[in-house]
């Protein structure tokens, strides 16, 4: 007997919508998730990602649209009728039950034979490496262990879809990295689809097959981690994906998508991502791509710098008062005058506010 | 090489009395307990012990235990224990049974405070006012009977006061708000994500109640039962005002009152009061023992 996800082809969200008293918490979410896919819902807090997860779980009713599992419409089903697994942010382990009983609860509700429950629970315990703690209560184990119990409890019923609501946000940095690998390993092993809500772009990039970026209840971009990292479709997505420098600029000339912009007194070159931008544009670039160079176009004074092991990351300010985050391989001191520059292919240009 | 300077052997630490007391958990803050201790001793310990001493000195002689022997040899008197239990146990159970579903529902409501206020008003009325209202409302010529009669649902007024039902209803009206408030606070202490987690694992509402809510509520329900039971067991005013104090609702408090203030036998009255206390202790101990078999601890789902 092995734990493996129930067979299905795809989960389809069709114009899913959720309002809270006249406010759109979620608008027009349309997405198809294939069996075995790992999807990360990424966005800042309040963007609607947890709402989306709760709608999928059935804990919140939809205000519009539909959810389909293959050819079955499921959005009117109660949570207990959907058969999805869920890992809660606070784990929601039953405090009065041993780990064994916690993990076996779902199977017990399905009225499976006791022998089968015992076998599956044993297997799930082994999968999350907690066999020795099986008879303890949740209050007697550490946060990382509780988190693993929560995962085991969700997957032991072999759900087609596992929903995870920021499951690592309560763990310390080291444990978070370990559990990240663990979650991906378990996902691959049982072959379910996973929808993983997070506000941490590192987590989303390292775990997901596809990332859905949400903002103000809308999907801003869907793509592979590579796509999102290299070419965010909008300036706000770029900002969220680590493009810390979001600069207002004026477009001057353009040739084959390569733009020359005026940034205060300096000239900057970059590539247009959004077609049809006007004169006012937004240039996005990562601190790691903006480095001191003798022929750099931007003159700025260092405000602060911090040592990050291999190199230094710092904040510099131009004469016009523009703040720039940059990286330097050499030590820099506050007050030092620098010339900063970035390769044109690393500067992404988006339509500005007036466009 | 330098010689190592000699240091006189340290004198063994002689901690002051203050330090030693502090280590044992007594410090200046402990003194703040004094008023409370004094209060309990003067107003509870002393009267209880005095009552006990009094009960062992019968008015008419006949040995230390004469009062207790007299109590347990007269069925009219010892029967009051049964009468009171027959009233107090069902009243407490009904109040608990009403409180749990209402609390579970109110927890999710938006106008929780308004509803809670409405439900709690009866507790502010006091027994006498409740009894007065009941006599008017449930009496033979009260609205309740008139409405039922004018609807031709009944031909004779139903008797709802001056009997067991009257006291029962009065105890429900007076006791429910108390039960409800306690149960509501225990219910809201249960992390709602636990119920959601159970639902995600396929548990229907009834199963969620049985496997999650009830076990986590058990300890709280036991405490609520004990407090509500003790309150119901010492029923006195309503048993007189809306009951039949010479017959079906002759509760143990009436027996004690009768002995002490109508026969002026304080010793016998004290003996009955002591017996009353023992019955309460036995029931409370039994309930607490049963609840100790269940989970006791925080009803949260983990970190966060």
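Inside 10 Å of the C-beta atoms of A:239-246, what's the mean count of C-beta atoms belonging to other chains? Please list the in-between numbers first.
Working: counts 0, 0, 0, 0, 0, 0, 0, 0.
Counting other chains' Cβ atoms within 10 Å and averaging over A:239-246 gives 0.
Is the C-alpha gyration tensor of chain A telling us rounded, prolate or oblate? Criteria: a/c under 1.5 is rounded; beyond that, a/b larger than b/c is prolate, otherwise oblate.
Values: a/c = 2.99, a/b = 1.85, b/c = 1.61.
Prolate shape, in that a/c is at least 1.5 and a/b is the bigger ratio.
Would you calculate a helix-derived [θ] at 222 nm for the protein assembly as shown, using -39,500 (n - 2.57) for each DSSP H run of n ≥ 4 and dividing by the full residue count, to the nearest 500? The partial results should precede the final answer.
On the way: 24 runs with 281 residues, N = 659.
-13000 deg cm²/dmol, from helical runs alone.
For the stretch B:1-151, what Kirkwood radius comes out of the mean inverse Cα-Cα distance, in Å? If you can, show how the numbers build up before the last one.
Numbers: mean 1/r = 0.0411 Å⁻¹.
One decimal place: 24.3 Å for the Kirkwood radius.
Hey, what did the stretch A:10-232 get for relative contact order, percent, Cα under 8 Å, at least 6 apart? Intermediate results must be reported in sequence, preceding the final value.
On the way: 430 pairs, mean separation 66.1, N = 223.
Once normalised by length, the contact order is 30 percent.
Among B:216-224, A:290-298, A:262-270, what's the highest-first ranking by average C-beta atoms within 10 angstrom per residue? Spell out each step's value before the answer.
Details: B:216-224: 20.7, A:290-298: 16.1, A:262-270: 18.2.
Put in order of decreasing packing, that is B:216-224, A:262-270, A:290-298.
Work out how far the C-alpha atoms of the stretch A:236-351 reach from end to end along every principal axis, then list the three figures in whole Å, largest first.
Result for the stretch A:236-351: principal-axis Cα extents of 41, 28, 21 Å.
Take the Cα of residue B:86, step 7 Å along the line toward its Cβ, and report every residue of the stretch B:128-142 whose backbone nitrogen sits under 12 Å from that point.
None, by backbone N distance to the label point.
For a protection proxy built on the mean count of beta-carbon atoms within 10 angstrom, sort A:32-43, B:17-28 highest first, please.
Working: A:32-43: 21.2, B:17-28: 10.7.
By packing density, highest mean first, the sequence is A:32-43, B:17-28.
Between the stretch A:209-283 and the stretch A:94-153, what's the alpha-carbon centroid distance in Å?
Taking the Cα centre of the stretch A:94-153 as reference, the centre of the stretch A:209-283 is 47 Å away.
Just how far, in whole angstrom, is the stretch B:282-297 from the stretch A:25-87 if you go by their alpha carbon centroids?
One Cα centre to the other: 43 Å.
I'd like the mean, over residues of A:101-114, of how many other protein chain beta carbons sit within 10 Å of each residue's own Cβ. Before the final figure, lay out the partial values.
Numbers: counts 1, 2, 1, 1, 8, 6, 2, 5, 9, 2, 1, 0, 0, 0.
Per residue, the average neighbour count from other chains is 3.
Take A:97, A:219 and order them by how many other Cβ atoms sit within 10 Å, fewest up front.
Arranged by neighbour count, lowest to highest, A:97, A:219 become A:97, A:219.
Would you work out if the stretch B:74-291 is rounded, prolate or oblate? Take a ≥ b ≥ c from the square roots of the eigenvalues of the alpha-carbon gyration tensor; rounded if a/c is under 1.5, else prolate when a/b is larger than b/c, oblate otherwise.
On the way: a/c = 2.47, a/b = 1.38, b/c = 1.79.
Oblate is the answer for the stretch B:74-291, as a/c is 1.5 or above yet b/c matches or exceeds a/b.
With the crude spin-label approximation of a point 7 Å out along Cα→Cβ, what separation in nm comes out for residue B:163 versus residue A:177?
In this crude label model, residue B:163 to residue A:177 measures out at 7.9 nm.
Which one of A:322, A:163, A:107 has the biggest mean-square fluctuation once chain A is modelled by GNM with Cα springs under 10 Å?
A:322
Order of B:233, B:52 from fewest to most other C-beta atoms within 10 Å? Spell out each step's value before the answer.
Numbers: B:233 24, B:52 14.
Lowest count first: B:52, B:233.
Please say if the protein assembly as shown is rounded, prolate or oblate, where rounded means a/c under 1.5 for a ≥ b ≥ c the square roots of the C-alpha gyration tensor eigenvalues, and otherwise the choice is prolate for a/b larger than b/c and oblate otherwise? Write down the numbers at each step before the final one.
Values: a/c = 2.60, a/b = 1.91, b/c = 1.36.
Prolate is the answer for the protein assembly as shown, as a/c is 1.5 or above and a/b outweighs b/c.
When only Cα pairs under 8 Å and 6 or more residues apart are kept, what is the percent relative contact order across the stretch A:236-351? Please report the intermediate quantities before stating the final value.
Numbers: 282 pairs, mean separation 35.2, N = 116.
Relative contact order, the stretch A:236-351: 30 percent.
Taking every DSSP beta bridge with both residues inside the protein assembly as shown, roughly what % is antiparallel (nearest 5)?
On the way: 60 of 79 bridges.
So the antiparallel bridges in the protein assembly as shown amount to around 75 percent.
Using a 10 Å cut-off around each Cβ, can you sort B:68, B:295, A:243, A:307 from fewest to most neighbouring Cβ atoms? Intermediate results must be reported in sequence, preceding the final value.
Numbers: B:68 18, B:295 15, A:243 25, A:307 10.
Going from least to most buried by this count: A:307, B:295, B:68, A:243.
Every number here is computed from the coordinates shown, using simple stated rules; none is lab data. In this text, all values refer to a predicted model and were calculated from it rather than measured experimentally. In this analysis, Cβ positions are derived from the backbone assuming ideal geometry, glycine residues included, and neighbour counts consider all displayed protein chains.
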